[in-house]
Amino acid sequence: MRKFIALAGAAVAAGFITTSTWGTNMAQDTVYQFKEKTLDGKPIQLDHYKGKVLLIVNVASMCGNTPQYAGLEDLYKKYKGKGFEILGFPCNQFGSQEPGTAEQIKTFCTTKYNVTFPLFTKIEVNGDNADPLYKFLKAEQPGTGSKPDIGWNFAKFLIGKDGKPVKRYDPSFKPDGIDPDVASLLK
């Protein structure tokens with residue numbers, strides 16, 4: 001037991017695990033370990049979505065991919081009552097395509113695309129200031145090529161009911177193409 005405690009303490013000191021997850025999930029292999037803030041600034045632990053299939057997307061209002069909001073909303077409406085959630089994370093890292101405030105983002109999404117799925121505060125998805133959730137997602141589903149970085153707005157990560165990332169889709173991949181994968185995970 002002492003050896004385990006010493007090893008666990010070393011893991012905390014090295015940054016492999018954090019003290020905030022010490023008693024909950026030492027393996028840190030699910031999205032449930034993360035706490036994010038809604039677009040309204042309210043903190044929410046992602047274990048709130050435990051047992052649901054999730055699609056996590058970095059979004060932007062002024063991007064060539066922005067019309068995907070409509071397809072995402074269609075997918076959300078189709079499966080929401082069956083245990084599916086989409087979590088949208090505005091990001092301004094790509095061509096400054098999400099420059100607005102939280103209120104501007106919310107207004108744009110709800111008036112232009114009738115978005116009803118949850119949106120979160122603006123984050124970075126690449127680099128030293130990348131949100132820890134996105135560091136985790138990229139480590140679990142590195143995508144193609146030699147770098148796991150997100151290539152542009154509307155990259156998508158599909159998460160199983162167990163909170164583990166199961167698939168990553170490039171930004172140009174349309175939401176309707178994800179439908180069969182969501183349906184399969186909801187069975």
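Just so it is clear, none of the values below were taken in a lab; they were calculated from the coordinates. Every value quoted in this text rests on a predicted model; they were computed, and no experiment measured them. Please note: Cβ atoms are built from the backbone with ideal geometry, for glycine as well, and neighbour counts cover all protein chains shown.
Quick rundown of the values:
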| quantity | calculated |
| --- | --- |
| Inter-label distance, nm, simple model (7 Å from Cα along the C-beta direction), Asp181/Ala139 | 2.1 nm |
| Relative contact order [Cα under 8 Å, 6+ residues apart], region 25-186, whole percent | 30 percent |
| Counting all C-alpha pairs of the chain, share separated by more than 26 Å (%) | 31 percent |
| Span from the region 158-179 Cα centroid across to the region 81-153 one, whole angstrom | 13 Å |
| Residue with peak Gaussian network fluctuation, the chain [Cα springs, cutoff 10 Å], from Lys37, Lys147, Lys50 | Lys147 |
| 11 Å beta-carbon shell around Pro142, net charge (K/R +1, D/E -1) | +1 |
| Gaussian network model of the chain, springs between alpha carbon atoms under 10 Å - residue of Ala139, Ala155, Ala60 with greatest fluctuation | Ala139 |
| Residue range of the chain that is longest and free of chymotrypsin sites (Phe, Trp or Tyr not before Pro) which are both DSSP loop and sparsely packed (at most 13 other C-beta within 10 Å) | 23-187 |
| Extension gain, Lys35 back to His48 (0.36 nm per residue minus Cα-Cα distance, nm) | 3.7 nm |
| Zone of Glu124's modelled label, taken as backbone nitrogen in region 90-115 under 14 Å from a point 7 Å along Cα→Cβ | 91-96 |
| Net charge contributed by nearby residues that have their C-beta within less than 14 Å of Gly127 (K/R +1, D/E -1) | -1 |
| Whole-number percent relative contact order across region 102-150, with pairs defined as alpha carbons under 8 Å at least 6 apart | 24 percent |
